[in-house]
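Have a look at the structure below, then the notes.
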Amino acid sequence: MSGAARIEENATCLGCGCACDDIAVVIDGGRITEARNACALGVRWFGDGSLPGAVLGGRTAAIEDALGEIATMLRAARAPLVYLAPDLTSEAQRAAIAVADQLRAFLDSFTSSTAGEGILAAQRRGRASATLGEIRNRADVIVFWAVDPAASYPRFQSRYAPIPVGIHLPNGRKDRTVIAVDVGGQRGPDDADVRIQMTAEEEPLFLASLRASLAGRTMGDAPIVARVTELATRLNRAKYAVIVTDAESPPSVPNGRADALIALSQSLNATTRGSLCTLRAGGNRNGADTTLTWQTGFPMAVDFSRGVPRYQPEDATLPRLARGAIDAALVVGAASAIPENVVKALGGVRTAVIGPRASESAISASIRIDTGVAGIHESGIAFRLDDLPLPLRALLPTPRDTASLLKALGTAIAAQGARA
Amino acid sequence: MTQLRITGGAIHDPANGADGDVRDICISDGRIVASLPPDAPVLNASGMVIMAGGIDIHAHVAASSVTLGRRLLPEEHTLDPAAAPALEDGTIPRSGTGGTVPSTFTTGYRYAGLGYTTVFDAAVAPVSARQTHAEFDDTPIIDGGFFTLLGNDEYLHRQIAANELGRAKDYAAWILKSTGAYAIKVVNPGGVELWKRNVREVKTLDDPVGASNVTPRRILEVLASAAIDLGLPHPVHIHCNNLGVAGNVTMTLESMRALEGRRAHFTHLQFHSYGGERGKSWNSAARQVAEYVNSHPEVTGDVGQVMFGDATTLTADGAVEYLLHTSTGRKWINADIELETGCGIVPYTYKDKAAVASLQWVVGLELFLLSTDPWRMVLSTDHPNGGSFMSYPDLIRLLMDRAYRDEKLKSVNQKMLAGSALADGIAREYTLNEIAIITRAGPARQLGLVHKGHLGAGADADITIYSRDANFAKMFSTPRFVLKAGTLVVEEGQLRRAPAGKRIYVQPGYDDSLMRDLGKYFEAYSAIQLANYPVTGLRDAPMPTGAA
């Protein structure tokens, strides 16, 4: 470490939705050399902090020209798309939504093609939820439903539950019962106290039977009932039961899991207390849902084409692209983190990318503007997977601030007048 | 526009003793001034009624809970799309959606369209305060502030248990300062923590909350005293135990007596003024509550009127929402929040054919009509709990127009109304000045906002100008002109400008020795770093605090 090294304490990691905010980032010579406390996934996410700073594809390298050309392209489109990729501050997300509103565009995020099913289920039923601090301090029974957080949410267990000591769990892990529910190949943690297994085909019936059991009824045949009864008994004895599910890894064949888990966690509250914890991946995904909701009333798939927000979750980005209903796109955020099928579907659509490493993106975009990564190069707010807002501080300079750039794009669009 | 003279209007400015007086109002640089040069531009308000901009002392408009509610209600939003207004000030207008929980921009536009220029969000989880600030940034025109939830906070309870009352006060100050809040809010003191422990009912003010010496009574006393000792402009803002439950008037009055002699604000009292007995009978106890408030000048309140139609119940009081979910079968959100508070949400419809909703409607009106001091019993619907803020004009008509009110009373379910004061006939009709009190001057005084709620020199030039109409609902729903800090935001009934509002908050001091103990607590139990807790970058100057 050279004399110029500095340590940025309490940085928030957006490597996954856990948003651990206790990372000590060591910076030496303008590069991140260490991310203390971070898991492997977090270390990868922070990287060394280096970024390209290019403006590609415009008639000149001047940012004003590039923005003007993006504005012209989007205004000329019949049906433009604004797509929120990960690694944006909520300030940038809000500015991107403003641009979509102004353009009467279709606005979507990665949520519609990943965690959308759970959001729709929660709109039908509501949800019983708890923030991670509550789970840490209160949950004595934790059911990992077809998810082992070790892979995609590496610090979940050590930082939130089941490992830490909590106010009502003075002995930490010893005071908690961990139940792994394995659904086909989707397994719970190896070190669970109890393991319950089912095939993917059995899952819907198992969930229905479990809810029936909690309500004092029996449903299903003996082999299912035996497993159901064991789980129901443990849930009913819990002081505070939490069911953990992974919104980013839904069943390979949709089977109503998200809906059933919401109903299950709600019904726990007839006799004891319980919540559902929905894991989300990194890059401020919950922020996209949250900011879009407060600005428009809807969390994803918002169509502004009639001058008002219309909710189109059944006709989101992928089907629109597939049937040629989008003729220009602005991708904002880390294009490298966009689902593969969306990248593919964008091929052939005139596209501009504003985000970190836009210049290296696999998307064939006409204009690309490099910006910074939320929480590494850009300050603002990000939302943890439990929807709590956390601060982001710029640890390194950004090539250009995404939120400011999007506001400037809005000004450029306004200067060109209303869309025809 | 830096200067403007409003001429010819009838001024209803109860804080300055004006009751329909016709005189000029002079505005310079966003404030009201005593005079202007003769060549200043003029707005002719002849024949119109002029009041200060409306102030909503208790609404849910900018908070994590509100956005959870927004997310729950796509069907409402689909039915009430809100196109971007045609603005003339160069700001880019925004579309949105309405319903009972409108999107942020639409919230700002619609409040301003009603002549409201200041709104307080009544229930913000401290840990989510930065979201509230961000949502207010997206809520144009209105000045915004919020109350932060402290009645079910684990660290506070620990200080009460240990009889560390100085530290409890310091903690309250630290929370206010860290979150950029304006006042201390207590929701169902102790009851939200008990709900998390699966204890679903608070039977008395002396029920233990964990430790035997932590009780609803102690929580109320400690936080009421903290607000007074810190010299906060607004006293502790209390949502009592047992909201919405038959017979809860006993608890409400006991809570008031517990704080007798201390300043305190009791909110949405309609929901806390029921006689009878749970599961057996249910009737109005508005008279008892109104009489207590009438005779205790240290007490202020707002009504939390129920208005027939769609609402969304949305509160930190998670336990009550579970009951509502099971009794209505409607969808339900519960969120237990970070050892601080809770949240429950259930969409709800108040039907005039329903006995309980009709009783609630009557109880609210009785609180208005039996309260002798309008300065201390002000207008709210606990938006969106009792109804949307968009129903305020109709509520004003119910208060001002006895014939309209009596006609409506005949059409509601009478089952639980026997013996109620309203059913027996109340002749009172609110005057324009009394309306000005319960919608502006009173809230401003209760909140300690010396620059708002009146039209005297030095006040913020937040002004609403109405055309007279025999139908008061019509008159109050479509002001002709609205000025916000001197800017004409509504002109001839149309929203024309949407400047950013200001933030209203306090920054009280505390003894730094708090931080060592708090640091240990965070280290042991928090899922957020202490250093990341405070909101930074607050804009606008804080309101002063300190001994009066």
So, in Å, what gap is there between the alpha-carbon centers of region A:185-201 and region B:144-216?
40
Could you go through region B:83-89 in sequence order and give the Karplus-derived ³J(HN,Hα) for each residue, using 6.51 cos²θ - 1.76 cosθ + 1.60 with θ = phi - 60°, rounded to whole Hz, and x for Gly and Pro?
5, 5, x, 8, 8, 10, 9
Between residue A:197 and residue A:48, the two model label points (7 Å from Cα along the beta-carbon direction) sit apart by a distance in nm of 4.6
One finds, for residue B:429 and residue A:322 with R0 = 41 angstrom and r their Cβ-Cβ distance, a FRET efficiency to the nearest 0.05 of 0.05
Computed FRET value (nearest 0.05) for residue A:215 with residue A:150, which takes r as the C-beta separation and R₀ as 30 Å
0.35
Can you put A:174, B:331 in order, fewest other beta carbons within 10 Å first?
A:174, B:331
Assertion target for B:223, B:323, B:230, ordered by fewest C-beta neighbours within 10 angstrom first, is B:323, B:230, B:223
Taking 0.36 nm per residue of sequence separation and subtracting the Cα-Cα distance, how much length would be gained by fully extending the chain between residue B:330 and residue B:262, in nm to one decimal?
20.5 nm
In degrees from 0 to 90, rounded to the nearest 10, what is the angle of the helix A:203-214 Cα long axis to the longest principal axis of chain A?
50
Applied in sequence order to region A:279-295, the curve 6.51 cos²θ - 1.76 cosθ + 1.60 (Karplus, θ = phi - 60°) yields integer Hz couplings, x standing for Gly and Pro, of 6, 10, 6, x, x, 6, 5, 4, x, 4, 4, 5, 5, 5, 5, 6, 7
Length gained, residue B:470-residue B:79, 0.36 nm per residue minus C-alpha separation, equals 137.7 nm
Could you work out the mean count of beta carbons from other protein chains within 10 Å of each residue's beta carbon in A:214-227?
0
Fewest-first ranking of A:377, B:268, B:383, using other Cβ atoms within 10 Å as the exposure measure
A:377, B:268, B:383
From the Cα centre of region B:403-452 to that of region A:334-362, the distance in Å is 58
Relative contact order for chain B: what percent, with Cα pairs under 8 Å and sequence separation of 6 or more?
21
Separation of region B:73-100 and region B:273-328 by C-alpha centroid, Å?
32
Chain A, relative contact order [Cα under 8 Å, separation at least 6], %
24
Taking amide H positions as placed in the peptide plane 1.01 Å from N, state which residues far from residue B:153 in sequence (5 or more) or on other chains have amide H under 5 Å from it.
none
Just counting partner chain Cβ atoms within 10 Å, what average do the residues of peptide B:62-69 show around their Cβ?
4
Between residue A:233 and residue A:315, what's the calculated FRET efficiency when r is the beta-carbon distance and R0 is 41 Å? Round to 0.05.
0.40
With the crude spin-label approximation of a point 7 Å out along Cα→Cβ, what separation in nm comes out for residue B:372 versus residue B:541?
4.0
Listed peptides B:488-494, A:295-301 by packing density, highest first (mean Cβ within 10 Å)
A:295-301, B:488-494
Residues of A:132-138, mean number of Cβ from any other protein chain within 10 Å of their own Cβ, rounded to a whole number?
6
With a sphere of radius 13 Å drawn around the Cβ of residue B:431, what net charge do the other residues whose Cβ falls strictly inside it have (Lys, Arg +1; Asp, Glu -1)?
-2
So what are the ³J(HN,Hα) numbers for region A:164-171, from phi and the Karplus equation (6.51, -1.76, 1.60; θ = phi - 60°), rounded to whole Hz, Gly and Pro as x?
x, 5, x, 4, 9, 9, x, 9
Degrees, to the nearest 10: A:222-237 long Cα axis against longest axis of chain A:
80
Once amide H atoms are built 1.01 Å from N in the peptide plane, which residues 5 or more positions from residue A:126, or in another chain, come under 5 Å H to H?
B:332
For chain B, calculated [θ]222 nm from helices alone, where every DSSP H run of n ≥ 4 adds -39500 (n - 2.57):
-9000 deg cm²/dmol
Sequence-distant or interchain residues sharing an amide H contact under 5 Å with residue B:240, placed H: which?
B:188, B:267
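Each reported figure results from applying straightforward, stated rules to the coordinates on display, with no laboratory input. Predicted model, so just to flag it, every value in this text is computed and none were measured. Counting neighbours? That spans all protein chains shown, and the Cβs are built from the backbone with ideal geometry, glycine included.
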